[in-house]
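The values are calculated or read from the model by the stated rules, or taken from the named source; none is laboratory data. A quick note: this is a predicted structure, and the numbers were derived from the prediction, not measured. Positions of Cβ are generated from backbone atoms using ideal geometry, with glycine treated the same way; all protein chains shown enter the neighbour counts.
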Amino acid sequence: MALVTSKKMFEMAYKNGYAVGAFNVNNMEIVQAITEACREEKAPVILQVSKGARAYANHTYLVKLVEAATLECPEIPIVLHLDHGPDFETCKACIDGGFTSVMIDGSSKPFLENIAETKKVVEYAHDHGVVVEGELGTLAGIEDDVCVEFGKSSYTQPDEVEEFVLKTGVDSLAIAIGTSHGAYKFTPEQCTLSPEGILLPPPLRFDILEEVSKRLPNFPIVLHGSSSVPQDYVKMVNENGGKMPNAIGIPEHELRHAAKLSVCKINIDSDIRLAMTGTVRKYMSENPSHFDPRQYLKPARTSIKELVRHKLINVLGCNGKADECR
Ligand code: G3H
Ligand code: 13P
Ligand code: ZN
């Protein structure tokens, strides 16, 4: 099946209470792991490419890898999406170069500038059959070369969303309700200690999500920064020469809840990096004489595949939904 837009996926996800996984891709093994898991679980999927990924791997290589996945996995609908498009030119290059969805991230700009830039991208994208994600509110953490400090993030203001969507014509909206990018989402001071001695992060602001959804009925909402930072992989990294103290993510049950509401797209990148890095570190520790990259990338690819399978079934709820999303 050729690449598709996310229109039908979001329509069905909204109606049937699940979310589609948007996984960042940077190389062949990551593309293969995600799409094999989705094929086996019959799940629709969004493969997303950041500005950093385009700089690392080259736009053409990434597009061709994703096109290869559509040939290998014809049973599932696949979207190719630009993650955090920084400006009109980057969005245009991706639209012209085969992407079926782009994000224009004007969230750090003043409201009216964000509207103007997003509208410009929407006009060009819609003329070319491509859908657009906009963003209101800023997440803490690092994305590409933008780093937002913990105290400088800001929740989405619900009273801005109707005007933004109406004036820009965006197809989906990313909002800030307390998620953040990277593997260090919360400081220990922000967390409370459970009776079992586990650090519990502050709960997501579901009140903001509900208020936004009231103002935008039937409109797909996107959550960025939604890795859960599995502690098994943090442990694997730390036991094999790594140092990732206090890496904390979003509890999976909160994401599952969001997916049942108006959240139709959930972005996951750091968990993939963590699974890959943990597995490679462990392999290297256990096999110090091995030097063939295929030897350590193979188990890393398997770890990502199993991680994605877990997300599809237990977090997103989009397993078995490929057919209804065509
Ligand atoms: O939100 C950002 C994504 O995790 C992409 O990260 O800019 O390092 O490719 P990157
Ligand atoms: P994580 O860093 O939580 O995986 O978020 C990824 C993301 O939002 C990509 O846009
Ligand atoms: Zn993001």
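Side notes on the structure shown:
- The single residue among LEU62, LEU47, LEU71 that is in contact with a Phe, Trp or Tyr (Cβ under 7 Å, 6 or more places away or on another chain) and among the hydrophobic types (A, V, I, L, M, F, W, C) turns out to be LEU47.
- Within the range 245-255, the set of residues being surrounded by 17 or more Cβ atoms within 10 Å (Cβ to Cβ), more than 16 Å from ligand 3 (Cβ to nearest atom) and either assigned to a loop (DSSP other than H, G, I, E, B) or of a type outside the set (Asp, Glu) (or both) comprises ALA247, ILE248.
- PHE219 being outside any helix (DSSP H, G or I), of a type in the set (Phe, Trp, Tyr) and in contact with a strand residue (DSSP E or B) (Cβ under 8 Å, 6 or more places away or on another chain): yes
- Residue in the range 4-18 that is touching a residue at least 12 places away in the same chain (Cβ under 8 Å), outside any helix (DSSP H, G or I) and under 13 Å from CYS318 (Cα atoms) present: yes
- Residue within the range 64-79 that is under 23 Å from GLY182 (Cα atoms), at pLDDT 95 or above, in contact with a helix residue (DSSP H, G or I) (Cβ under 8 Å, 6 or more places away or on another chain) and not in a strand (DSSP E or B) present: no
- Residues of the range 95-135 satisfying the condition of being within 16 Å of ligand 1 (Cβ to nearest atom) and either among the hydrophobic types (A, V, I, L, M, F, W, C) or surrounded by 16 or more Cβ atoms within 10 Å (Cβ to Cβ) (or both): PHE99, SER101, VAL102, MET103, ILE104, ASP105, GLY106, SER107, GLU133, GLY134, GLU135
- Residues of the range 21-68 satisfying the condition of being among the β-branched types (Val, Ile, Thr) and more than 15 Å from ligand 3 (Cβ to nearest atom): ILE30, VAL31, ILE34, THR35, VAL45, THR60, VAL63, VAL66
- Candidates in the range 3-60 are the residues that are over 18 Å from LEU307 (Cβ atoms), among the β-branched types (Val, Ile, Thr) and touching a helix residue (DSSP H, G or I) at 6+ places or on another chain (Cβ under 9 Å); of these, the one that is surrounded by the most Cβ atoms within 10 Å (Cβ to Cβ) is VAL49.
- Criterion applied to ALA275, ALA322, ALA300, ALA258 was being more than 16 Å from ligand 1 (Cβ to nearest atom) and within 17 Å of the chain's Cα centre (by Cα), and the one residue passing it is ALA258.
- Screening the range 225-243 for residues that are assigned to a loop (DSSP other than H, G, I, E, B) and under 21 Å from the mean Cα position of the chain (by Cα) and picking the one that is farthest from ligand 3 (Cβ to nearest atom) gives PRO230.
- In the set (1) of a type in the set (A, V, I, L, M, F, W, C); (2) at pLDDT below 95; (3) part of a helix (DSSP H, G or I), MET1 fails one condition alone, (3).
- Leading residue by the ranking (nearest to the chain's Cα centre (by Cα)) among those in the range 166-203 that are within 16 Å of ligand 3 (Cβ to nearest atom) and surrounded by fewer than 21 Cβ atoms within 10 Å (Cβ to Cβ): GLY182
- Filter result (among the small types (Gly, Ala, Ser) and not in a helix (DSSP H, G or I)) within the range 274-318: SER289, GLY317
- When ARG54, ARG39 are checked against the criterion of being among the basic types (Lys, Arg) and closer than 23 Å to PRO86 by Cα, ARG54 stands alone in meeting it.
- All of ARG326, ARG294 fail the test of being loosely packed, with under 15 Cβ neighbours inside 10 Å and modelled with pLDDT under 95, apart from ARG326.
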